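First the structure, in the form of structure tokens, and then the observations on it.
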């Protein structure tokens, strides 16, 4: 499959440094470029206080929790709430806040950072945990309180050192601010209720609305012999899509480091879109954005039973959590 074309940066091997480098005065374009870069970097530093003030905070208490003796664990939650829809979104595709009240944890990604490297897991939203002395899907734990989601993850052996949330509108805005994403689509796919339609296989550069539709897709169809047909049922399809899109987003965000004007746009959109626990700073959040996720796996859980969505944690779940270096004793 042909990868998207990437312009060469034009920066060859520097070779040996000349004994007496030519003065910048002799290179007006280079001098101007460095001046602009310096101004932009200073502007970003000056904006840190402003950016930090834009971060909302999640009402959750992580102090006194299990912590992470080996590194730190971030829990990233994509919230499905109709209170704020992406710009230009069709209400018919999303529903109103009256139709779908409250917020659900639609996407849950766990990033575990250590000196040895970073591991990441996409946690299926339909895995069953206990909350309020009942059993229910992890996605619904958020409706009770953020602490319920943190406790539910701990039941699976996953601690939470930092909690970050983003809503539907915010996610699309961050993708657009980053200039869109490159995603590899193995075959044509559409999901009309989610607002998704990509009519060819291969690498596509998608905007925020399409990236969100890929994550939200629950009933995809594939183009087979010229007609759209329901895709085979895949309980992990949504979690897999979330992992793919998140990895692509991090790649795009990291590429903005060499383009400070784009970096500032992403930082502005990001700090206006996310909320963090009270003890997570904007600087720590920026550090997370530079993490090398590598492979992002879906946490294995049991298959749905009884015609419903609920899925149970299994021995494979515990094994995968342990292999990722995670443990929780909350």
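With the convex hull built on the Cα atoms of region 144-271, state its orientation-averaged projected area in nm².
In nm², the orientation-averaged hull projection of region 144-271 is 9.5.
Given R₀ = 41 Å, what would the calculated FRET efficiency be for residue 114 paired with residue 135, taking r from the Cβ atoms and rounding to 0.05?
Taking R0 as 41 Å, the efficiency between residue 114 and residue 135 is 0.80.
Describe numerically, in nm with one decimal, the distance between label points set 7 Å from Cα along Cα→Cβ at residue 240 and at residue 322.
2.7
Using the beta-carbon distance between residue 310 and residue 290 and R0 = 45 Å, what value does 1/(1 + (r/R0)^6) give for FRET efficiency, to the nearest 0.05?
0.80
How many angstrom lie between the Cα centre of region 204-218 and the Cα centre of region 278-300?
That distance is 21 Å.
So how do 168-177, 301-310 stack up, highest first, on mean other-Cβ count within 10 Å?
Highest mean packing first, the order is 168-177, 301-310.
Every number here is computed from the coordinates shown, using simple stated rules; none is lab data. This is a predicted model, so every value here is computed, not measured. Backbone-built Cβ (ideal geometry, glycine too); neighbour counts: all protein chains shown.
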